[in-house]
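Notes follow the structure.
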Amino acid sequence: MKHILITGALALLAQTVPAQTATEQYLPGVTAEGAIYALPKTAVRIAVLVEKTTYTPGDFAPYAERFLRLSDVGMEPSTVYRIIAVSQSAIGVSDSTKYYAIRFNNKTSAINVARAEDGVLLALNAEPRFQALPEAFKPAPKAETVNPRQFMNEEILAAGSTAKMAQLTAQEIYDIRSSRSELVKGQADFMPQDGEQMKLMLSQLDRQDRSLTSLFAGTTVKDTTETVLTIVPDSAFQRKTLFRFSKHFGLVGADDLSGAPYYISVEDMTKLPPAEDNGKKKKAANGLYYNVAGKLRSTIYRANDVVSEEEFPAGQFGHVELLSGDLFNKHYNTRLWLNPISGDIDKLEAEPPK
């Protein structure tokens with residue numbers, strides 16, 4: 001993740017930036033007000049893993065029970081979806097209600113301001129620490145697709161009817177299984193010379209068996225995909241529809257009644273004393289604004305069953321405080337790190353210059 005570094009003689013004179021200067025779409029680095037920064041608010045990132053199972057009947061499906069004693073073989077293609085995991089994590093996003101400026105002043109020592117790309121303040125006079133984003137889901141490699149007809153002998157291919165082809169294919173499958181059994185028992189006419197050759201021969205026989213059997217049993221292919229939803233709660237709420245899910249269509253929109261609803265609730269778990277407020281508009285103060293984060297609990301339900309529940313620090317559920325600018329004068333070497341998700345102070349180091 002990239003970050004923006006602003007260096008200069010800056011006075012930590014905290015000032016709220018008007019909306020026309022800093023907008024939600026674009027946060028400039030430097031304006032007439034000074035070096036602009038934002039504080040973050042916490043968003044809930046929801047990752048839903050959905051497995052899609054596609055069944056395709058084999059060409060010889062009607063003969064599966066007769067020739068291979070396979071029962072309950074499907075005769076029609078089908079596609080079924082199921083949710084295999086729902087997980088939640090916290091990410092920080094720029095809070096458009098918390099834009100501030102660090103004013104320029106040549107009489108103060110230089111301050112390095114490190115921001116994220118969206119303008120969120122990460123650090124002062126220190127290397128920034130970025131939020132660790134969850135790794136993107138990587139599906140497992142798909143199995144090799146094999147055409148079973150490449151394992152059919154001349155007699156099978158020359159058969160005059162589908163029923164005859166099915167009968168001869170079933171006999172070929174039994175011959176393959178018999179050859180495998182003889183190899184394992186050491187009774188084959190041509191035994192492998194070493195273990196590696198044995199492994200190779202067994203693997204080839206298994207491959208032929210699976211491929212030809214699929215002409216009777218059909219093929220089942222499973223694909224797993226990840227859908228990521230992001231919720232940015234500004235206040236607590238109860239049981240809002242997050243998405244809907246159908247075993248026939250998979251993940252569908254919150255308004256699509258073909259699926260069963262999954263709900264999300266957000267609770268304010270903050271147990272902080274309220275911020276001091278004397279009711280008067282405060283003048284620009286010497287310092288730097290930061291979040292004293294609260295806490296939220298996010299719960300996802302299907303009907304009344306809890307699917308996932310997590311608690312996260314949340315800047316928007318806390319309040320803003322002012323860090324004294326005296327810590328950044330020439331009498332101290334001060335380094336500050338803010339939490340990129342909550343906007344809280346992660347670490348503050350202040351020591352006299354050597």
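The values are calculated or read from the model by the stated rules, or taken from the named source; none is laboratory data. Being a predicted model, the structure only gives us computed values, none of them experimental. All Cβ positions, even for glycine, are placed from backbone atoms using ideal geometry, and neighbour counts span all protein chains on display. Note: accessible area is taken over every heavy atom of the protein model, side chains too, but ligands, DNA and RNA are not part of it. Shrake-Rupley method; radii C 1.70, N 1.55, O 1.52, S 1.80 Å.
For the criterion of being touching a residue at least 60 places away in the same chain (Cβ under 8 Å) and open to solvent by 40 Å² or more (accessible area, probe 1.4 Å), residue 320 passes.
Of all residues being part of a strand (DSSP E or B) and among the aromatic types (Phe, Trp, Tyr) in segment 298-339, which is farthest from residue 351 (Cα to Cα)? Just the residue, please. Applying the filter and picking the extreme gives 301. Taken over segment 43-67, the residue count meeting the criterion of being touching a Gly at 6+ places or on another chain (Cβ under 6 Å) and either modelled with pLDDT under 95 or buried (at least 21 other Cβ atoms within 10 Å of the Cβ) (or both) is 1. The conditions of being in a helix (DSSP H, G or I) and open to solvent by less than 30 Å² (accessible area, probe 1.4 Å) are met by residue 183. Identify all residues within segment 70-98 that are open to solvent by 30 Å² or more (accessible area, probe 1.4 Å), hydrophobic (A, V, I, L, M, F, W, C) and in a strand (DSSP E or B); write none if there are none. Those that are open to solvent by 30 Å² or more (accessible area, probe 1.4 Å), hydrophobic (A, V, I, L, M, F, W, C) and in a strand (DSSP E or B): 80, 83, 84, 85, 93. Figure legend. Inter-residue proximity from segment 125-141: first residues within 27 Å of residue 336 (Cβ to Cβ), second residues among the hydroxyl-bearing types (Ser, Thr, Tyr), beta-carbon distance below 7 Å, spacing 6+ or different chains. Indicated pairs: 125/334; 134/89.
Quick one: in segment 201-227, of everything that is in a strand (DSSP E or B) and of a type in the set (Val, Ile, Thr), which residue is surrounded by the most Cβ atoms within 10 Å (Cβ to Cβ)? First the steps, then the outcome.
From segment 201-227, those in a strand (DSSP E or B) are 219-227; that's our starting set.
Within this subset, residues satisfying the condition of being of a type in the set (Val, Ile, Thr) are 219-221, 224-225, 227.
Details: 219: 17, 220: 13, 221: 13, 224: 15, 225: 14, 227: 14.
Across segment 201-227, the extreme among qualifying residues is 219.
Of the residues making up segment 128-175, those that are acidic (Asp, Glu) and either part of a loop (DSSP other than H, G, I, E, B) or within 47 Å of the chain's Cα centre (by Cα) (or both) number 3.
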